[in-house]
Amino acid sequence: MALSKDRLIGRKAILLLLSEDHDMQLNQLRENNWKGCIGKVGSMDAHKVVAAIETAAKKNGIIESTIYRESHALYHAIMEALHGVTRGQVQLGSVLRTVGLSFAVLRGNPYDQEQEGDWIAVSLYGTIGAPVKGSEHETIGLGINHI
C-alpha cells in the first residue's frame, strides 16, 4: 500500500492550480485516468465557496452526484482546504473577511495498487482579507479525502 511518488494527489492538485497551462496539465492527468477541473470563486460566505466547488466537480464529472459517499468525500476535502485558507477558523463574512480564490479539484488513485481506489483533492489559492480593496493577502489550502 505504498503511495506512488509520481501520483501524489495533493502535489498534483496544487501544481494544476498554480500551472500557467491548465489545459496541458488536465490532458496529462486524463491520460493517466485521472479527472480534474479548475475554477474561481469569490465571496464573504463560506457556503458559497463550498457550493461553487461542488457544482464544478459535479458538472465536470469528477463526482457522481447521486452517490452520497462521493459528495461526502468532496465536502470533507473542501472543508480541509478551507481550514488552510482561513487558518483554522472557517469564518468569512461574520468576521468581516472575504476571499477571492482559484480552485482545482482532482480525482485519482495515488497508490501503486489499483484496489486502493480513488481519492479526491481540493486545492485553493488566492487572497483573503477585509472586504476593502488592498486589504488582503495571499492564502493557500489543500484538502485530501478518500472516496
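Rule-based calculations on the coordinates, nothing more; no lab input. Predicted model only: the values in this text are computed from it and were never measured. Note that each Cβ is placed from the backbone with ideal geometry, even for glycine, and that neighbours are counted across all protein chains shown.
A Förster radius of 35 Å, combined with the Cβ-Cβ distance separating residue 135 from residue 19, puts the computed FRET efficiency at roughly 0.80. Counting lysine pairs in the chain whose alpha carbons fall under 17 angstrom apart, excluding pairs fewer than 8 residues apart on the same chain, gives 8. Over the C-alpha atoms of the chain, the Rg to Rh ratio, Rh being the Kirkwood estimate, stands at 0.98. May I ask you to list the residues of the stretch 112-147 whose amide nitrogen lies under 18 Å from a point 7 Å from Cα along the Cα→beta-carbon direction of residue 83? Answer for the stretch 112-147: 120-125, 140-147.
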